[in-house]
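See structure below.
The values are calculated or read from the model by the stated rules, or taken from the named source; none is laboratory data. Predicted model, so just to flag it, every value in this text is computed and none were measured. Cβ atoms come from the backbone with ideal geometry, glycine included; neighbour counts cover every protein chain shown. Remember, those area values only see protein heavy atoms, side chains included, never the ligands or the DNA or RNA. Shrake-Rupley method; radii C 1.70, N 1.55, O 1.52, S 1.80 Å.
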Amino acid sequence: MDFETYPYSFCEFWKWKLRTETKSEHILDAKHVKETYDKLSQTLKKWQWNRPYSFLELAERLKDALEKIRDAYNQIRNYSLLEFNEIPNELLELIWHELGGVKTGEGKNLSGYYLVMGTTKPLMFLWGQTLAFDSRVRERMQRFNIHGLSDNYWGFTKWKKVVVRFQESLKRQPEVVDFLREVSRKEYGTDSIVPYGQFLDLYYWTKH
C-alpha cells in the first residue's frame, strides 16, 4: 500500500509535483531536476526499485536519464492516459529507451527490451499515466489478449499496446473516469492532472 512507504510514497511525490509544476516550469527542468532526482531516488530506494543492484550502481545512470528525457517529458506531461494514443511516438520511445537503459547495466540497447518495472516505475512517479507493472500487477491485470504480459522484459511496442488498451478500457467506462477524478480531487485538491496509471496500478496491486 502506498501509505506504508510514507513519506516516500507516490502520494507525497505527486503532491510535490503538483505544487512545483506550472505552465513554464516542470520537475525535470534545469531549476528542479536535482530536487526531483533527490526525491525520486529516495522514493525508489524505499520501493526497492533497484533490486537486485545496489542503488549506488544505478544512481548516475538515473541522473543522466532524467536529464536526457527533459524535453520529451515536458512535451508529454500534459497528456493524460485518456489521450495516450495522441502522444508522438518518438517522445514515448525516447523516454522508454532512456529509462529502460538505467537498469540494464549497459544502457540503451537496439532491441529495446528492458525490465518493464525498472522502466515504468520511475515514469509512473514522474508522469502518473502508466502503471508500474511490477510482477504482482502483471499477474493480476487484464490480459487484453496480449501474449507474455507476465514476462519481466518488455519491448516498447508491447508497453505501448498495453497502455493503449488501458486507455480504451477507461474510455468505455466513463463512470470509472469520473470516480478517479473525484478521488484525485479529494486526495490532491485538483483533477486538472489525474494520475490514472498510478490509480490503476494501485487497484491491481491490492486486488484479491
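Could you estimate the translational diffusion coefficient of segment 13-122 from the Stokes-Einstein equation, with Rh from the Kirkwood formula over C-alpha pairs, at 4 °C and 1.567 mPa s, in whole µm²/s?
Working: Rh = 14.6 Å.
Estimated via Stokes-Einstein, D reaches 89 µm²/s.
How do 76-82, 24-30 rank on mean C-beta neighbours within 10 Å, highest first?
Details: 76-82: 18.4, 24-30: 15.6.
Top of the packing list down: 76-82, 24-30.
Keeping the other protein chains in place, figure out the carbon and sulfur percent of the accessible area of the chain, with a 1.4 Å probe. Kindly include the intermediate steps, with their values, before the conclusion.
Working: 5130 of 10480 Å².
Ligands and nucleic acids excluded, carbon and sulfur give 49 percent.
Is there a pair in 63/160; 23/207; 46/68 whose C-alpha atoms are over 32 Å apart, and which pairs would that be?
On the way: 63/160 24 Å; 23/207 36 Å; 46/68 24 Å.
The pairs that break the limit, which is 32 Å between Cα atoms, are 23/207.
Express the accessible area of the chain per residue in Å², computed with a 1.4 Å probe while the remaining protein chains stay in the model. Let's see the in-between values first.
On the way: 10480 Å² over 208 residues.
Per residue, the chain has 50 Å² of solvent-accessible surface.
When the solvent-accessible surface of protein heavy atoms is calculated with a 1.4 angstrom probe, in what order do 162, 183 fall, highest first?
Working: 162 0, 183 45 Å².
Greatest to least solvent exposure: 183, 162.
What are the equivalent ellipsoid semi-axes of the chain, built from the alpha-carbon gyration tensor (square roots of five times its eigenvalues), in whole angstrom, biggest first? Present the calculation step by step, with values, prior to reporting the outcome.
Values: eigenvalues 103, 89, 60 Å².
Semi-axes from the Cα gyration tensor: 23, 21, 17 Å.
If you line up the Cα atoms of segment 66-152 on their principal axes, what length do they span on each, largest first, in Å?
Between the extreme Cα coordinates on each principal axis of segment 66-152 lie 34, 33, 21 Å.
³J(HN,Hα) across segment 64-81 via Karplus (A = 6.51, B = -1.76, C = 1.60, θ = phi - 60°), whole Hz, x for Gly/Pro?
Calculated HN-Hα couplings, in order: 5, 5, 4, 5, 6, 9, 3, 5, 5, 4, 4, 7, 9, 5, 9, 8, 9, 4 Hz.
Could you please state, rounded to a whole Å, how far the C-alpha centre of segment 33-95 is from the C-alpha centre of segment 131-208?
18 Å
Take the alpha-carbon positions of segment 136-203, form their convex hull, and give its projected area averaged over all directions (one quarter of the hull surface) in nm².
On the way: hull surface 20.4 nm².
Computed as one quarter of the Cα hull surface, the answer is 5.1 nm².
If I histogram all Cα-Cα distances within segment 105-159 using bins 5 Å wide from 0, what percent of pairs lands in each bin?
4, 19, 28, 26, 17, 5, 1
Considering only protein heavy atoms, with the full assembly of protein chains and a 1.4 angstrom probe, order 104, 20 by accessible area, largest first. Intermediate results must be reported in sequence, preceding the final value.
Details: 104 45, 20 20 Å².
These residues rank, largest area first, as 104, 20.
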